[in-house]
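This report refers to the structure that appears directly beneath it.
The values are calculated or read from the model by the stated rules, or taken from the named source; none is laboratory data. Only a predicted model underlies this, so the values are computations on that prediction, with no experimental measurement involved. Note that each Cβ is placed from the backbone with ideal geometry, even for glycine, and that neighbours are counted across all protein chains shown. Quick note on the areas: whole protein, heavy atoms, side chains included, nothing else; ligands and nucleic acids left out. Shrake-Rupley method; radii C 1.70, N 1.55, O 1.52, S 1.80 Å.
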Amino acid sequence: MAAHLEGHEVVALDMVGLAQKGGAVVSHLKLAPAGADTGSPRVAVGCADLLLGCDMVVAAGRTALPTAAPGRTAIIANTQEVMTGAFTRDPDMSFPASKLTKALREAGRSLDLVEASRLATGLMGDAIAANLMMVGFAWQRGLLPLSEAAIARAIELNGVQVAFNRQAFLWGRRIAHD
């Protein structure tokens, strides 16, 4: 919505997975100047400018990670360790944080690891704030070609917990600054 408000061409593709932690969601989002051809909604292999991983397992998975390229993609990943369904078959299984971090680090030009879920719960009382915190973090780092005003207006137009979501975006900016 923020991109539409600024006159960008926008295409989106949301892919909802099956029962892995309730189902992984991978969204491809392309922004382009007005009148430009965005092509297919799917981000091609090695063509992502930003990989925003609100779940480290999904970000380092077979769908999202191939869109990254070492010389091109900035990666921001939430460090929250959420076990997959495989844990039910192997209760001694440990979360592969170092393996996932290594894969993410090698896939992009930069990697920022953010304790977004922990910070969202501590600062705002609800882990759901982590998502907009991650957006705020990316925006503060100059990785989203949108104005703050357009993002604020999009949050307002969405009409769901407007003050909460604006605050989450602001906290993400502060975390990136800090």
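The table for this structure:
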{"quantity": "Residue in the stretch 125-137 that is closer than 30 Å to residue 46 by Cβ, outside any helix (DSSP H, G or I), touching a Ser or Thr at 6+ places or on another chain (Cβ under 7 Å) and open to solvent by 40 Å² or more (accessible area, probe 1.4 Å) present", "calculated": "no"}
{"quantity": "Residues (within 17 Å of the chain's Cα centre (by Cα) and not charged (D, E, K, R)) located in the stretch 155-178", "calculated": "155, 165, 168, 169, 170, 171, 172, 175, 176"}
{"quantity": "Residues of the stretch 87-113 satisfying the condition of being outside any helix (DSSP H, G or I), at pLDDT 95 or above and either of a type in the set (S, T, N, Q) or buried (at least 16 other Cβ atoms within 10 Å of the Cβ) (or both)", "calculated": "108, 110, 111, 112, 113"}
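The rows are residues; the columns are (1) open to solvent by less than 30 Å² (accessible area, probe 1.4 Å); (2) modelled with pLDDT under 95.
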{"site": "19", "(1), (2)": "no, yes"}
{"site": "32", "(1), (2)": "yes, yes"}
{"site": "48", "(1), (2)": "yes, no"}
{"site": "66", "(1), (2)": "no, no"}
